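Single-structure report; data block below.
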Amino acid sequence: MKVAPIASTALHLGSLTNETPYEEHRHGTDCCGWIREADELAEVAGRLCYQSWDRPNPKTATNKGYLANILAQGHESVLEHASVTFYVEGVSRALLAELTRHRHLSFSVVSQRYVDAAQLDRVRPPIMDELDSETRDRVADLIAGQYDENLRAYGEIVEILMAKGYKRKEAREAARAVLPNAVESPMVVTGNLRAWRDVLKKRHHVAADKEIQRFAGEVLRHLRAIAPNSIQDIPDRPYGLGE
């Protein structure tokens with residue numbers, strides 16, 4: 001599974017300094033280290049709401065302290081201004097179906113009408129890593145056999161329909177009816193920080209599908225670097241494991 005951040009919100013520092021009352025934290029840092037621009041944008045939005053530009057409260061004078069208070073109060077709308085985009089490979093159509101339930105994410109996904117399914121990988125269920133070798137081999141053989149049979153049927157349907165004069169994309173859009181959930185679904189997916197927090201709260205959890213748990217763990221790992229103060233309350237251990 002590849003989950004790589006390829007874009008995130010950046011500040012226009014000149015405009016921020018010259019056009020707003022906001023004062024950057026000195027040299028871009030506060031007591032807690034370097035401030036990421038996504039985190040600072042949330043602070044700008046929050047301070048605008050309350051016109052608290054001069055940071056009168058020591059507990060919220062740092063970016064980390066300010067956002068900790070925002071998160072504790074549940075005022076997460078200020079986190080919607082910054083976004084992060086991921087390039088994703090090695091995930092299944094089943095994961096895509098789960099992830100699209102998060103309505104505020106934006107997707108660009110490989111087209112099954114235009115792309116030959118034979119060019120896409122078969123995604124192995126994560127549960128395979130937990131099985132003893134004998135059971136793993138039995139399950140792997142069943143999955144591989146069924147997948148190959150579905151792919152054979154897919155190719156045959158495409159050939160039959162193209163022989164009848166249908167365009168390739170028309171043939172593939174019909175043939176994809178037999179493709180299994182295990183077929184790879186590469187995507188580019190974008191969400192604002194509030195949307196990604198929603199993903200983490202629901203999918204970085206022991207009760208979630210194992211594949212999307214792994215995906216959420218990768219998202220969390222990258223957000224620790226991109227916007228650490230905006231997710232400071234999200235634990236490294238999946239929800240449900242306890243302390």
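The values are calculated or read from the model by the stated rules, or taken from the named source; none is laboratory data. Keep in mind it's a predicted model, so treat the numbers as computed, not measured. Reconstructed Cβ throughout: ideal geometry from the backbone, glycine too, with neighbour counts over all protein chains shown.
Values for this structure:
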item: Failed criterion for GLU43 (all others in (1) of a type outside the set (Phe, Trp, Tyr); (2) assigned by TED's automatic domain parsing to the domain that holds ASP198; (3) out of contact with any helix residue (DSSP H, G or I) (no Cβ under 8 Å at 6 or more places or on another chain) hold); result: (3)
item: Residue within segment 111-134 that is outside any helix (DSSP H, G or I) and of a type in the set (S, T, N, Q) present; result: yes
item: Cβ-Cβ under 9 Å pairs, at least 6 apart or on other chains, segment 1-26 side closer than 18 Å to THR62 by Cα and of a type in the set (Phe, Trp, Tyr), far side surrounded by fewer than 12 Cβ atoms within 10 Å (Cβ to Cβ) and modelled with pLDDT of 95 or more; result: none
item: Residue in segment 219-232 that is surrounded by fewer than 18 Cβ atoms within 10 Å (Cβ to Cβ), of a type in the set (Lys, Arg) and assigned by TED's automatic domain parsing to the domain that holds LEU67 present; result: yes
item: The lone exception for ARG55 - which of (1) within 19 Å of the chain's Cα centre (by Cα); (2) over 18 Å from SER230 (Cα atoms); (3) surrounded by 15 or more Cβ atoms within 10 Å (Cβ to Cβ) it fails; result: (1)
item: Any pair with Cβ under 6 angstrom, 6 or more apart, that starts in segment 170-193 at a residue that is over 16 Å from ARG152 (Cα atoms) and ends at one that is in a helix (DSSP H, G or I); result: SER185/ARG93; SER185/LEU96; ASN192/GLU80; LEU193/LEU79; LEU193/SER230
item: Complete set of residues in segment 229-243 that are aliphatic (A, V, I, L, M) and modelled with pLDDT of 95 or more; result: ILE231, ILE234
item: Count - residues of segment 123-150 that are among the β-branched types (Val, Ile, Thr) and either touching a Gly at 6+ places or on another chain (Cβ under 6 Å) or surrounded by 15 or more Cβ atoms within 10 Å (Cβ to Cβ) (or both); result: 3
item: Elements of type strands (runs of 3 or more DSSP E) contained in segment 1-110, each with 3 or more residues being at pLDDT 95 or above and in contact with a Ser or Thr (Cβ under 6 Å, 6 or more places away or on another chain); result: 83-89
